[in-house]
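A.B. asks: First the structure, then my questions, so here it is.
The values are calculated or read from the model by the stated rules, or taken from the named source; none is laboratory data. Everything numeric in this text was worked out from a predicted model, so none of it was measured. Cβ: placed from backbone, ideal geometry, glycine included. Neighbour counts: every protein chain shown. When the accessible area is computed, the model is the full protein with side chains, heavy atoms only, and any ligands, DNA or RNA have been set aside. Shrake-Rupley method; radii C 1.70, N 1.55, O 1.52, S 1.80 Å.
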Amino acid sequence: MISIYCDEDVDVLIKSLLESKGFRVLTSLDEKMLGASDVNQMDHAIKNDYVFLTHNRIHYEQLYSDLTTKSVNHPGVIIATRKNVYELAKRVSRVLAGYTKESIRNQILYV
């Protein structure tokens, strides 16, 4: 099962919407990570083996590039455009339906 960690830019309602579709979801609010740096957020997701979901394209593309350059394995990154949270949940679940926990590892996806 793919587990997802949402940074603080993602509406917390996404948690219950994605959980209803069978995903395990944690938010930065759940993990008391509000206000943590992007690097700390990503490190937290990697440590807990959660795919990282964010709207913050510029910063997380750079972090993804840094991880790749350093050959750091990670659970994956999903960068989502800002949409209605219900639409976002549909798009994320549709995209992830084509992946396993292993096949999304070290990937960056855009939804």
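A.B. asks: Name the single residue that is nearest to ASP7 (Cα to Cα) among those in segment 41-79 being of a type in the set (Asp, Glu) and part of a helix (DSSP H, G or I). Reasoning before the result, please.
C.D. replies: Kept after step one, since they are of a type in the set (Asp, Glu), are these residues of segment 41-79: 43, 49, 61, 66.
Add one more test, that the residue is part of a helix (DSSP H, G or I), and what stays is 43, 61, 66.
Details: ASP43: 12, GLU61: 14, ASP66: 18 Å.
Among those residues, the one meeting the criterion is ASP43.
A.B. asks: Also: Right, ARG82: more than 11 Å from ILE4 (Cβ to Cβ), basic (Lys, Arg) and not in a loop (DSSP other than H, G, I, E, B) or not? Spell out the reasoning first.
C.D. replies: On the way: more than 11 Å from ILE4 (Cβ to Cβ): yes; basic (Lys, Arg): yes; not in a loop (DSSP other than H, G, I, E, B): no.
Criteria not met by ARG82.
Results for (1) closer than 16 Å to VAL92 by Cβ; (2) out of contact with any Gly (no Cβ under 8 Å at 6 or more places or on another chain); (3) at pLDDT 95 or above; (4) open to solvent by 50 Å² or more (accessible area, probe 1.4 Å), shown as yes or no for each residue.
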site	(1), (2), (3), (4)
CYS6	yes, yes, yes, no
ASP11	yes, yes, yes, yes
ARG24	yes, yes, yes, yes
LEU29	no, yes, yes, yes
ASN40	no, yes, yes, yes
ILE46	no, yes, yes, no
VAL51	yes, no, yes, no
THR54	yes, yes, yes, no
ILE58	no, yes, no, yes
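A.B. asks: Could you give me the residue pairs with C-beta distances under 7 Å whose first residue belongs to segment 1-29 and is assigned to a loop (DSSP other than H, G, I, E, B), whose second residue is basic (Lys, Arg) and open to solvent by 80 Å² or more (accessible area, probe 1.4 Å) wherever it lies, and which are 6+ apart or on separate chains?
C.D. replies: These pairs meet every condition: MET1/ARG24.
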